[in-house]
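One structure is given below, encoded as structure tokens.
The values are calculated or read from the model by the stated rules, or taken from the named source; none is laboratory data. None of the values given here were measured: they were computed from a predicted structure. No Cβ is skipped: glycine too gets one built from the backbone with ideal geometry, and neighbour counts run over all protein chains shown. Ligands, DNA and RNA are stripped out before the accessible areas are found, and what is left, the full protein with its side chains, is counted by its heavy atoms. Shrake-Rupley method; radii C 1.70, N 1.55, O 1.52, S 1.80 Å.
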Amino acid sequence: MKRSLILLVAIILLGSCTVSRDSRTPGPELFSSVLKGACYDLEGNPVEVDADYYLIYYAADWCPYCTEYAQELKRTYAQLQKMYGNVEIIFAGHLRDRSNEDLLSFMAQGEYAFPYLKFEFRERTNIMHLVDVPKFWIPGFVLLDAYGNVISSSNGEDKDAYYLQRPINAYQTLQQSDCASCQK
């Protein structure tokens, strides 16, 4: 009887234990570690980024729609930082870019406060291949979570599926859902 009681208590205790991940057990890699040392500001200073969400921005200085969107983008970035603070916009450029000068030209044109991913880090970070679409329309965004999982993209299978604000709207919806669930 005593032995069965001890066995029963042991089973209950073991069944109710939670398993914590050991520091030696590999887990999903944070996207901030993928970006480590790859992001810079307009002045050429390294920027360490660590956010819950990332809006990867694709654009080019030769794109008239991208330059027209500049003021709205700066307002949107400031608003998202002020309202939520857990998102970072990172400029990735365009597939036609050939060097950091192409990226810096765009950054300087808009005097953007957010960082850009240096050209030489594109392959290591896979930043230009986050979505599998025949053509990525610019300006465009891809929304990622902290682990680099794609949540939303401006693009779709064709130009008719393109919607610039889709990732920003998805991010705001996530934030509002989080706020609503916290208030319950």
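Screening the candidates 166, 122 for the property of being without any contact (Cβ under 8 Å) to a residue 40 or more places away in the chain and under 22 Å from residue 83 (Cα atoms) yields one hit, 166. Considered as a group, the residues in region 126-146 that are within 16 Å of residue 88 (Cα to Cα) and of a type in the set (Val, Ile, Thr) include one that is nearest to the chain's Cα centre (by Cα), and that residue is 142.
Matching residues to (1) open to solvent by 30 Å² or more (accessible area, probe 1.4 Å); (2) assigned to a helix (DSSP H, G or I); (3) modelled with pLDDT under 95:
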residue: 132; (1), (2), (3): yes, no, yes
residue: 135; (1), (2), (3): yes, no, yes
residue: 144; (1), (2), (3): no, no, no
residue: 147; (1), (2), (3): yes, no, no
residue: 151; (1), (2), (3): yes, no, no
residue: 156; (1), (2), (3): no, no, yes
residue: 160; (1), (2), (3): yes, yes, yes
residue: 176; (1), (2), (3): yes, yes, yes
residue: 179; (1), (2), (3): yes, yes, yes
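Here's the yes/no breakdown for (1) charged (D, E, K, R); (2) open to solvent by 70 Å² or more (accessible area, probe 1.4 Å); (3) in contact with a helix residue (DSSP H, G or I) (Cβ under 8 Å, 6 or more places away or on another chain); (4) within 20 Å of residue 129 (Cα to Cα):
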position	(1), (2), (3), (4)
43	yes, yes, no, no
48	yes, yes, yes, no
62	no, yes, no, no
78	no, no, no, no
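Scan region 86-130 for residues that are of a type in the set (S, T, N, Q) and either in contact with a helix residue (DSSP H, G or I) (Cβ under 6 Å, 6 or more places away or on another chain) or part of a loop (DSSP other than H, G, I, E, B) (or both) and jot them down. Matches in region 86-130: 86, 99, 100, 125, 126.
Given the criteria touching a Leu at 6+ places or on another chain (Cβ under 8 Å), under 23 Å from residue 153 (Cα atoms) and at pLDDT 50 or above, does residue 35 qualify? Yes. Taking residue 82 as the residue in question, decide whether it is over 16 Å from residue 41 (Cβ atoms), part of a loop (DSSP other than H, G, I, E, B) and open to solvent by 80 Å² or more (accessible area, probe 1.4 Å). Here the answer is no, as residue 82 does not meet what is asked.
May I ask you to verify whether residue 117 is open to solvent by less than 50 Å² (accessible area, probe 1.4 Å), modelled with pLDDT of 95 or more and over 21 Å from residue 72 (Cβ atoms)? Answer is yes for this residue. In region 86-97, the qualifying residues are those that are over 13 Å from the mean Cα position of the chain (by Cα) and without any contact (Cβ under 8 Å) to a residue 40 or more places away in the chain, and the one that is nearest to residue 172 (Cα to Cα) is 93.
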